[in-house]
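These notes concern the structure reproduced below.
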Amino acid sequence: DGGITQSPKYLFRKEGQNVTLSCEQNLNHDAMYWYRQDPGQGLRLIYYSQIVNDFQKGDIAEGYSVSREKKESFPLTVTSAQKNPTAFYLCASSTLGLEQYFGPGTRLTVT
Amino acid sequence: GIQVEQSPPDLILQEGANSTLRCNFSDSVNNLQWFHQNPWGQLINLFYIPSGTKQNGRLSATTVATERYSLLYISSSQTTDSGVYFCAVTPSGSARQLTFGSGTQLTVLP
C-alpha cells in the first residue's frame, strides 16, 4: 500500500537523551516535512526538505536535527537541547507545491 | 508571517444537523487544505482547495481567495464526524510549507 509510515507510535525517554523518530514514504514525493503538535493547538513546522541532501529550518527548529539521505526517508532527532520535547510529532510529504499527506504520528513523552 | 484564524473554536451539534466552519487568512495563498483529525491523531485530508468549490459526499468546501476566506460545510452530521477540523495554508511565494489554524473542535451528539 502507498503511504507514509512513522515509527514508533509511542516513545518514552528520559530527559537528557537524544531520540530519533522515523518517517518513510513510498509515494515518490520530493518534499517531506516534520510538524509538532501540542495539546489543543494546531501544527507547527519544525523542518522541511524539498530534495535529497537538502533541508531547511521551519518555525521551531531549535533543539531538533534532520537528515535526508534518501528520497523515501526523513528522520527527525529530538536532542537534549529541546526544552519541551514532549509532544505529538507528525511527518508529511508532497509533490512540490501540491497537497500534503500526513503519517499517523509519534507521541513522544520525556520525563 | 501569515495568520490563519478558524471559527468557531468549538461546536456541538445534534446528529443530522448541518454546520459551517470558517477559515480566514491574512495574505494571499497558493495552497489551502482542510483536514479532519480523528481521536487517534491521524490527519485525514478532506480538501485541497486554493480556490473554488468542491464537494465530497456530505462535505463541501468553498475558498474565495480574493476575500481571503474558506468555508467547510458538513451536512447531515454523524457521530463519526466528531474531531478537530484544521485549515492550513501556504502563502503565495513561500517555500510551500503549511501554516495551520488552531482548529474547530466538533462534537456530534447521538
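What follows is calculated from the coordinates using simple rules that are stated; it is not laboratory data. What you are looking at is a predicted structure, and each value in this text was computed from that prediction instead of being measured. So basically every Cβ, Gly included, is an ideal-geometry build from the backbone, and we count neighbours across all protein chains shown.
For the protein assembly as shown, rounded, prolate or oblate, judged on the Cα gyration tensor with a ≥ b ≥ c (square roots of eigenvalues), a/c < 1.5 rounded, else prolate if a/b > b/c? Prolate, because a/c is 1.5 or more and a/b exceeds b/c. Remark: spin-label model distance A:V52-B:T20 equals 4.9 nm, labels positioned 7 Å along the Cα→Cβ axis.
Each label was represented as a point 7 Å from its Cα along the Cα-to-Cβ direction; for B:E67 and A:D30 these points are 3.5 nm apart.
Computed from the C-beta positions of A:Y10 and B:K54, the FRET efficiency with R₀ = 45 Å rounds to 0.80.
Remark: mean inter-chain Cβ contacts per residue of A:99-106 equal 5, using a 10 Å Cβ-Cβ cutoff to other protein chain atoms. Using 0.36 nm per residue and subtracting the Cα-Cα separation, the extra length available between B:I12 and B:Q78 on full extension is 22.6 nm. Per residue of peptide B:48-55, the mean number of Cβ atoms on other chains within 10 Å of the residue Cβ is 1.
Counting charges near A:R107 (Lys, Arg +1; Asp, Glu -1) among other residues having Cβ under 13 Å from its Cβ returns a value of +2. Against the empirical curve 2.2 N^0.38 Å, the C-alpha radius of gyration of chain B lands at a ratio of 1.02. Highest average first, the peptides B:10-22, A:24-36, B:35-47 ordered by how many other beta carbon atoms sit within 10 Å of their residues are A:24-36, B:35-47, B:10-22.
Counting Cβ atoms of other protein chains within 10 Å of each Cβ in B:26-38 and taking the mean gives 2.
By definition, a body whose alpha carbon gyration tensor gives a ≥ b ≥ c is prolate when a/c is 1.5 or more and a/b is larger than b/c, and region B:18-57 fits this prolate description. The HN-Hα couplings worked out from phi for region A:69-78 by the Karplus form 6.51 cos²θ - 1.76 cosθ + 1.60 (θ = phi - 60°) are 8, 10, 4, 7, 10, 8, x, 10, 9, 9 Hz, whole numbers, x standing for Gly and Pro.
Between B:E5 and A:N84, take the C-beta separation as r, use R0 = 35 Å, and let me know the FRET efficiency to the nearest 0.05. About 0.90, to the nearest 0.05. With the gyration tensor restricted to C-alpha atoms of region A:21-78, the semi-axes of the equivalent ellipsoid amount to 20, 12, 10 Å, longest first.
Here the calculated FRET efficiency for A:E99 and A:K71, from their Cβ-Cβ distance with R0 = 22 Å, stands at 0.75, rounded to the nearest 0.05. Among the trypsin sites (Lys or Arg not before Pro) within region B:31-101, those in coil by DSSP and having at most 15 neighbouring Cβ atoms inside 10 Å are B:R58. Considering only B:T80, B:T62, B:T99, the Gaussian network model of chain B with Cα springs below 10 Å gives its largest mean-square fluctuation to B:T80.
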